[in-house]
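Worksheet: one structure, shown below.
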Amino acid sequence: MNTPLRRVGVAMMVMMMILLANATYVQVIKAEEYRTSPYNVRGRLEMLSRERGSIIAADGTPLATVTPIPDKDRWQRVYANGPMYLPVTGYLSNTYGSNGLERAENDLLIGEDDRLFTRRLSDLITGRDPKGASLQVTINPKAQQAAYEALGDRTGAVVAIEPKTGKILALVSTPSFDPNKLAVQDGQEEKAYWAEVTQDNPAQPDANRALSWTYPPGSTFKLVVAAAGLEEGMDKSTQVDARPTITLPGTNTELPNFNGTNCNNGVNATLEQAIAQSCNTAFAKLAGDLGTAKLREQAAKFGIDDQKYQVPMTTAASTLGPVPDQAALFQTGIGQRDVQVTPLANAVMVATIANKGVRMKPYLVDKILGTDTATVDETKPDEVDEAISEDSAQLLTEMMIAAENKAGGAGKLSNIQIASKTGTAEWGVGSTPNPHAWYTAFAPANDPQIALAVIVEKSGGKRDGAATGSLVAAPVGRAVISSYLGSR
Amino acid sequence: MGSPGTGAEDTPLARASGTSPGLKPPPTKRSTELFLLAFGAVLVTAALVLVEANQEKELSLNIIWYGLAYLVMLAVTHLAVRTWAPYADPVILPCVTLLNGIGLVMIHRIDLGMADVLVDGEPWSAAAPKQVMWTGLSLVLFCAALKLLKDHRTLAKFGYVSGLVGLVALILPGVLPGFIAPTINGAKIWLRFGGVSIQPGEFAKILLMVFFAAFLVSKRDLFTIAGRRFLGMDLPRARDLGPLIAVWAVVVSVMVLQKDLGSSLLFFGIVLVLLYVATERAVWIIIGTVLFMGAAVAAWRMFTHVQTRVDNWVDPFADPGGAGYQIVQSLFGFGTGGLFGAGLGGGRPDQIPEANTDFIAAVIGEELGLVGLTAVLLLYTVFALRGLRNALAVRDTFGKLLGGGLAFAVAFQVFIIIGGVMKLIPMTGITAPFLSKGGSSLLANYVLVALLLRISDAARSPQAPVKPRVQQPAIADQFTVMVERPK
């Protein structure tokens, strides 16, 4: 019986060899694939068990912190004033991942960024638990709060920028939701809340409207057209076409002024009057005269060039669209047709005018702080482009002061001179009585400290004559300017 | 192995060293066993310390008590072997207790990892204390088996009885009503008395092996009679196939009814190997494999749960969150562990389903890496090969057959379950011997070890003392005889 027994022994050896070979295949050759599979949540769980860095506002107000969960090797993310700062912090969920700064700066927040190398090394030697770096953001809590409260329960967004540096002072998107409710440890609660704010909710509170959504800029885009005109040698008093309506070239379609009103005398007007009264016909014609190439070039200098910003979250790209013919160019001139901008891009555009024509790169993270709150790294303002000459910027500023003086709406400031441009943008079929309301502005006009863009979607429910940029969006912008400058 | 003394008894030097070779008994090697047991205990305690350090971030004095308790259990077991089976193989018990110890540490580690995870809305109940209790009971049963069974050949007399009991034990959960034989995870293989669940199939495995070994030894000739020659093979006569067909039918149908595919494969494999060893004719393996393939294909076509298993084996990533979830998470565990593993206590056993039973190999693969998994597989290999070696050495055919069958059973079970969780073969739910949580499995497998040790004791103990030859004194010591010169 020994021969078959020996063969059984060989068979046993062969089975073990096969197991070992297969183990090697799975744990060495396929290991990388399994480790990085999107279905493998181990990496994310590891991330959650780290003591995550905080996110604090420019004045030190904590926006996102952690507290230890009793008896567990985990940390609970806590968002102070979660809904208001959601567009900045983003959320961090066990199940649904993260967004906002939580995602964009995850490496820093969990302490794995290369910039933290020396600290990681010292942690390793001293045996400290690895801890993430904290982020000090550029957000001014006063401006943020003013914007959030002024928008109220309306759908929209506010982006405010410091023109000289590109620091983002306020970043608001409404409606919002509470990221604390996704940071809970109870999977059922988290799941229910996720359903409530995402698939079940037509208001889409999970969208960051300030950075990730694009809208037609409407009349606020006339600043870009005017800037192109000024760069071509025009000035404030250059006469432009001011008829109540014009026919789009090559079509029978009439393009009227707002409510079909006259602009100035109904024949011609100065460029300043055209901005102040927001004459559609004047800017449609002006865009047509400048041509697509010049207009596109000027828009690109302002940052409307199909590029995405990294603030560090990746934003949507702003674009003029294809502009296939002269009729499209006319419509593009008044910020309609296929022009799509993010509120951020529109804020950058006015900030560029405010900063004497120099466009600064917008940014949200000011400082990276180590565990001992020492600054590890600091963002330096970055000049991207000279969009227009200082003279053109000055002329645009004067025209925007005229526009602000002409504009109606509540919340006018007596002690601060604002330069602004409103917009009332149609956004699709049937949108005419219920357009989006825009307000782009900076202040004080002679020494700009803040530039901003406000959009209130569908004018917050106002219709027809009540649905304009000046009546709906301007009060929001003025409230932000007032509380920001008042807080300084 | 690894001990310097192992295997030395066969060298000429060892034999030459005795002044009177015929009288000195062969070495028992019990000290080797003691040394290996202590080595295993140190490893297990160190593993426990690492788990506690990584999971709880603090060490308590409890660890010393755990370590000592483990050591005491091993010492008692060692003394039992020393007393009742002094010539038993010195490597088998250390292999087994080390595997058992690793299993205990991993089960405790999984308890810690699952402490804050809700399972079906219920808090996780720690499995390690129960497993420690079962280990204690198993060792008691192990000692009792060594004490009561003086000679393994006694078992052959109870061949038919154990066959009958084994068959009943196998069938019982399938036919009893649900309140006493509940369906757990789709398989109806448990019996529940009060709070205790046992799996009679684990014991049936050994009982049926005893039966087959006894049966085959007494009826060997029946199976070796050649039938017709066909395609170069000596086919058995049709009527001799009867017993095999009967076993095949019973095992397969019982297992299909209980939806326990892994055990079905295991039983049938064991029967085939016993038949092959007893008859020394490979044709049984071929016939058996063909029969089993037929049954497997039929089961695959008839039963959706078999189809699901096969589909998940072919492509688990087709439904990674649903049907393929278990195997996908298991592969992630192995893959994340990689070559050196995440470290004891550093893995994510809460991600791997059934982590402390069927998928315990995946947790070991994640935390100890390929290196640790290889070590565990080699422990099994050494254990099974030592068992087989003793089967080769033992002098009676029943012992050979039973020992070989038991050794093969362990190796084959490891192949089925670890191959399953690594997607080498379709996944079937059986336990990894000594590692997985489960009282029945532990009890039965320790009985298996007791039988193997008993057989090895018979193989290695000196034969009935040979009558010493009368020694001739050396020439120099002979008294001188005066030789008279012839006159």
When the residues of segment B:352-370 are filtered to those that are small (Gly, Ala, Ser) and in a helix (DSSP H, G or I), which remaining residue is farthest from residue B:414 (Cα to Cα)?
-> B:369
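Taking the stated definitions as given, is residue B:424 free of Cβ contacts under 8 Å to residues at least 12 places away in the same chain, outside any helix (DSSP H, G or I) and within 14 Å of chain A (Cβ to nearest Cβ)? Lay out the reasoning, then the answer.
Details: free of Cβ contacts under 8 Å to residues at least 12 places away in the same chain: yes; outside any helix (DSSP H, G or I): yes; within 14 Å of chain A (Cβ to nearest Cβ): yes.
Against the criterion (free of Cβ contacts under 8 Å to residues at least 12 places away in the same chain, outside any helix (DSSP H, G or I) and within 14 Å of chain A (Cβ to nearest Cβ)), residue B:424 qualifies.
Tell me the helices (runs of 4 or more DSSP H) entirely within segment A:282-356 that contain at least 3 residues that are over 19 Å from the mean Cα position of the chain (by Cα). I'd like the intermediate steps shown before the answer.
On the way: elements: A:292-302, A:326-333, A:343-354.
The qualifying helices (runs of 4 or more DSSP H) are A:292-302, A:326-333.
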From A:23, A:11, residue being in contact with a helix residue (DSSP H, G or I) (Cβ under 9 Å, 6 or more places away or on another chain), surrounded by 15 or more Cβ atoms within 10 Å (Cβ to Cβ), facing chain B (nearest Cβ under 7 Å) and not in a loop (DSSP other than H, G, I, E, B) = A:23
Note: among B:38, B:75, B:69, B:46, just one is surrounded by fewer than 21 Cβ atoms within 10 Å (Cβ to Cβ), of a type in the set (Gly, Ala, Ser), in a helix (DSSP H, G or I) and at pLDDT below 85, namely B:69
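This table checks each residue for (1) modelled with pLDDT under 90; (2) more than 14 Å from every other protein chain (Cβ to nearest Cβ).
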| site | (1), (2) |
| --- | --- |
| A:68 | yes, no |
| A:82 | no, yes |
| A:103 | yes, yes |
| A:106 | yes, yes |
| A:111 | yes, yes |
| A:121 | yes, yes |
| A:126 | yes, yes |
State yes or no: is residue B:389 over 25 Å from residue B:198 (Cα atoms), at pLDDT below 90 and within 14 Å of chain A (Cβ to nearest Cβ)?
-> no
Tally, over segment B:63-82, of residues that are without any contact (Cβ under 8 Å) to a residue 60 or more places away in the chain and of a type in the set (Val, Ile, Thr) | 3
Conditions (1) part of a strand (DSSP E or B); (2) out of contact with any Pro (no Cβ under 9 Å at 6 or more places or on another chain); number of the one not met by residue A:168 | (2)
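Just the residues that are among the aromatic types (Phe, Trp, Tyr) and open to solvent by 10 Å² or more (accessible area, probe 1.4 Å), please, taken from segment B:254-299.
If we filter segment B:254-299 for residues that are among the aromatic types (Phe, Trp, Tyr), which is where we start, we get B:267-268, B:276, B:284, B:292.
B:267, B:276, B:292, listed by residue number.
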All but one of (1) open to solvent by less than 10 Å² (accessible area, probe 1.4 Å); (2) without any contact (Cβ under 8 Å) to a residue 60 or more places away in the chain; (3) under 18 Å from the mean Cα position of the chain (by Cα) hold for residue A:197; which doesn't?
-> (3)
Cβ pairs under 6 Å, 6+ apart or interchain, first in segment B:314-336 and touching a residue at least 24 places away in the same chain (Cβ under 8 Å), second among the charged types (D, E, K, R) and open to solvent by less than 20 Å² (accessible area, probe 1.4 Å), ordered by first then second residue, are B:333/B:366; B:336/A:42; B:336/B:366
So which residues in segment B:83-93 are in a helix (DSSP H, G or I) and open to solvent by less than 10 Å² (accessible area, probe 1.4 Å)?
-> B:92, B:93
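Suppose we filter B:358, B:311 for residues that are under 30 Å from residue B:101 (Cβ atoms) and either within 13 Å of another protein chain (Cβ to nearest Cβ) or open to solvent by 20 Å² or more (accessible area, probe 1.4 Å) (or both); which single one remains?
B:358
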Find the residue count for segment B:373-419, including only residues that are of a type in the set (A, V, I, L, M, F, W, C), surrounded by fewer than 24 Cβ atoms within 10 Å (Cβ to Cβ) and not in a helix (DSSP H, G or I).
-> 0
Does segment A:33-50 contain any residue that is facing chain B (nearest Cβ under 7 Å), assigned to a helix (DSSP H, G or I), modelled with pLDDT under 95 and surrounded by 20 or more Cβ atoms within 10 Å (Cβ to Cβ)?
-> yes
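The values are calculated or read from the model by the stated rules, or taken from the named source; none is laboratory data. Keep in mind the model is a prediction, meaning the values are calculated, not measured. Please note: Cβ atoms are built from the backbone with ideal geometry, for glycine as well, and neighbour counts cover all protein chains shown. To get the accessible areas, we keep the full protein, side chains included, count just its heavy atoms, and leave off ligands, DNA and RNA. Shrake-Rupley method; radii C 1.70, N 1.55, O 1.52, S 1.80 Å.
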